[in-house]
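A.B. asks: I'd like to ask some things about the structure below.
The values are calculated or read from the model by the stated rules, or taken from the named source; none is laboratory data. None of the values given here were measured: they were computed from a predicted structure. Cβ: placed from backbone, ideal geometry, glycine included. Neighbour counts: every protein chain shown.
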Amino acid sequence: MAAPHSAFAFQPFSAQQKRLLYWWREGSPYRDCDILLADGSIRSGKTIACICSFLIWSMERFSGQNFILAGKTVGALKKNVIGPMQQILAAWGIPYHYVRSGEQRIEIGTNTYYLYDAHNESSQDKLQGLTAAGALADEAALFPRNFIEQMLGRCSVDGAKVFLNCNPESPGHFIKTELIDRAREKHICHLHFTMADNLTLSQATREKYERMFTGVFYKRFIEGLWAATDGLVYPQFADETERFLLDEAPEDIQYAVIGVDFGGSKSAHSFTLTGFTRGFRQVVVLDEYYHNNTKQGRLSPAQVEAAFVDFVRRAKARWRVYEARCDSAEQTLIEGLTVAAVRARLGVEIKNALKRPINDRIAFYNSLIAQDRFRMLRHCTAHIRAFAQAVYDPDEPVRDIRLDDGTTDIDSLDSTEYTTERIQDDILYLGRETACRA
């Protein structure tokens, strides 16, 4: 059954993309390898080439077999792999059947391609019992190690191969140390990509992406290097703090979102009000509430609720505010805020924060800062300190973890991130385009 998707508009492949396309064919120096690992910068063309190569290989070499399609989340997998795969199959005129309910899968001829997420350590349990002829793992550096190992073990059919693609992380990441650095020993075809390997990108587009990142994220996402974090989380904000501060809010704030992080006995309660200007051109921290439980005494739930009600009323007096995103680990406190909001007739929805991976949130704010699209009102002193003083944990060089030993304010960072994480992709890409047109 053909899909309603439009056909993929193919452009000429670069030499590196062609190596990826045909690495498994006779005549290739990599034909005897068991694993393909394509790493490098964003927008380098590795994902599309990887999908095409995997499809051609699996359809040519096998019939009646099972395959694994894996992403950090099923949503990310559908966006990055399944959607383009449907367009590619449509362009090739190959019928398929996409089963979206139950055990999600794509059936192409007699082969079946099962969809899996790899978002935590228990995700590998879903693979147990499966015998597969191959796998395609998108953004594999974001997967737990046990999922990668389980996936490799499941691909036990004679002639099975595994296709991995990723952007670089820390040089201590297991994909770097165990796969890339030992590629020859483990029969791995390692192909490194840069934006120059994507012939569809104009010079202007490449320069636009280069302006989006600084520091370690520039090294990873633009230069395609496995670079280590070192020192300040937001070095540009710390070095040029005054540049990002405002005395008054912009006039074109369209709406605002509240973020709430609850503090324990050794941390703080933090509320953040973040506003968005027209077209997401600017993200502005408009107001804050900060209570340090260690220095100021621990608040009762009723006191937290009262502080929240006051904060919301102050926010709604000036801006459109419809929701508050709260730390989902504290459901009892969230229920208290929900009841308090109803009683006070605040007119805001109390919702759980998504709590996306911290390194995703860090990359997002570093990108906003690099694009000069992030601002704070000067009176938000706790948030100013939090962004200027945040540092990476020197004892966790592989995981990109912020130091959280009480010497820096992690709570204000969390509450700020909760206000944007649901829409951060829209903010980053849609807002960048409107800013460029302004």
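A.B. asks: Using the structure shown, decide if GLU185 is assigned to a helix (DSSP H, G or I), farther than 27 Å from VAL74 by Cβ and without any contact (Cβ under 8 Å) to a residue 60 or more places away in the chain.
C.D. replies: Details: assigned to a helix (DSSP H, G or I): no; farther than 27 Å from VAL74 by Cβ: yes; without any contact (Cβ under 8 Å) to a residue 60 or more places away in the chain: yes.
Criteria not met by GLU185.
A.B. asks: Continuing with this model, one more query. Mind listing just one residue for me: the one in region 391-436 that is in contact with a strand residue (DSSP E or B) (Cβ under 9 Å, 6 or more places away or on another chain), among the charged types (D, E, K, R) and not in a loop (DSSP other than H, G, I, E, B) and, of those, modelled with the lowest pLDDT?
C.D. replies: The selected residue is ARG402.
A.B. asks: Does SER28 qualify as being in contact (Cβ under 8 Å) with a residue 60 or more places away in the chain, assigned to a loop (DSSP other than H, G, I, E, B) and either among the small types (Gly, Ala, Ser) or touching a strand residue (DSSP E or B) at 6+ places or on another chain (Cβ under 8 Å) (or both)?
C.D. replies: On the way: in contact (Cβ under 8 Å) with a residue 60 or more places away in the chain: no; assigned to a loop (DSSP other than H, G, I, E, B): yes; either among the small types (Gly, Ala, Ser) or touching a strand residue (DSSP E or B) at 6+ places or on another chain (Cβ under 8 Å) (or both): yes.
Spelling it out, it is not the case that SER28 is in contact (Cβ under 8 Å) with a residue 60 or more places away in the chain, assigned to a loop (DSSP other than H, G, I, E, B) and either among the small types (Gly, Ala, Ser) or touching a strand residue (DSSP E or B) at 6+ places or on another chain (Cβ under 8 Å) (or both).
A.B. asks: Here's another thing I want to ask about it. Being in contact with a Gly (Cβ under 9 Å, 6 or more places away or on another chain) and either part of a helix (DSSP H, G or I) or modelled with pLDDT under 95 (or both) is the filter here, so list the residues in region 43-80 that pass it.
C.D. replies: Matches in region 43-80: LYS46, PHE54, TRP57, SER58, MET59, ARG61, LEU77, LYS78, LYS79, ASN80.
A.B. asks: Would you say THR407 is among the polar types (S, T, N, Q), in contact (Cβ under 8 Å) with a residue 40 or more places away in the chain and closer than 27 Å to GLY264 by Cα? Can you show your working first?
C.D. replies: Working: among the polar types (S, T, N, Q): yes; in contact (Cβ under 8 Å) with a residue 40 or more places away in the chain: no; closer than 27 Å to GLY264 by Cα: yes.
For THR407, the condition - among the polar types (S, T, N, Q), in contact (Cβ under 8 Å) with a residue 40 or more places away in the chain and closer than 27 Å to GLY264 by Cα - is not met.
A.B. asks: Condition check: within 24 Å of VAL342 (Cβ to Cβ), assigned by TED's automatic domain parsing to the domain that holds ARG373, in contact with a helix residue (DSSP H, G or I) (Cβ under 7 Å, 6 or more places away or on another chain) and not polar (S, T, N, Q). Does GLU305 satisfy that?
C.D. replies: On the way: within 24 Å of VAL342 (Cβ to Cβ): yes; assigned by TED's automatic domain parsing to the domain that holds ARG373: yes; in contact with a helix residue (DSSP H, G or I) (Cβ under 7 Å, 6 or more places away or on another chain): yes; not polar (S, T, N, Q): yes.
Against the criterion (within 24 Å of VAL342 (Cβ to Cβ), assigned by TED's automatic domain parsing to the domain that holds ARG373, in contact with a helix residue (DSSP H, G or I) (Cβ under 7 Å, 6 or more places away or on another chain) and not polar (S, T, N, Q)), GLU305 qualifies.
A.B. asks: Among all residue pairs at least 6 apart or on different chains, which show Cβ distances below 6 Å where the first residue, located in region 263-281, is outside the structural domain of ALA317 (by TED's automatic domain parsing) and within 20 Å of THR407 (Cα to Cα) and the second is buried (at least 24 other Cβ atoms within 10 Å of the Cβ) and among the acidic types (Asp, Glu)?
C.D. replies: Partner pairs satisfying both residue conditions: none exist.
A.B. asks: Go through region 202-226 and give me each residue that's in a loop (DSSP other than H, G, I, E, B), within 14 Å of GLN236 (Cβ to Cβ) and of a type outside the set (Ser, Thr, Tyr). It would help to see each step written out before you state the result.
C.D. replies: To start, the set of residues in region 202-226 that are in a loop (DSSP other than H, G, I, E, B) comprises 202, 211-214, 222-226.
From what's left, within 14 Å of GLN236 (Cβ to Cβ): 211-214.
Within region 202-226, ARG211, MET212, PHE213 meet the criteria.
A.B. asks: Got a number for residues in region 115-162 being in a loop (DSSP other than H, G, I, E, B), small (Gly, Ala, Ser) and without any contact (Cβ under 8 Å) to a residue 24 or more places away in the chain? Full working, then the answer.
C.D. replies: Narrowing region 115-162 to residues in a loop (DSSP other than H, G, I, E, B): 118-120, 128-133, 139, 143-144, 155-160.
Narrowing further to those that are small (Gly, Ala, Ser): 118, 129, 132-133, 156, 159-160.
Still in the list and also without any contact (Cβ under 8 Å) to a residue 24 or more places away in the chain: 129.
Adding up the residues that qualify gives 1.
A.B. asks: Follow-up. Within region 95-134, take every residue that is closer than 19 Å to LYS72 by Cβ and among the hydroxyl-bearing types (Ser, Thr, Tyr) and give me the one that is surrounded by the most Cβ atoms within 10 Å (Cβ to Cβ).
C.D. replies: TYR113
A.B. asks: Take the residues in region 345-390 that are of a type in the set (Asp, Glu) and outside any loop (DSSP other than H, G, I, E, B); name whichever of them is surrounded by the fewest Cβ atoms within 10 Å (Cβ to Cβ). Explain how you work it out, then say what you get.
C.D. replies: At the first step, the residues of region 345-390 found to be of a type in the set (Asp, Glu) are 349, 360, 372.
Among the residues that remain, those that are also outside any loop (DSSP other than H, G, I, E, B) are: 349, 360.
Values: GLU349: 11, ASP360: 15.
The qualifying residue surrounded by the fewest Cβ atoms within 10 Å (Cβ to Cβ) is GLU349.
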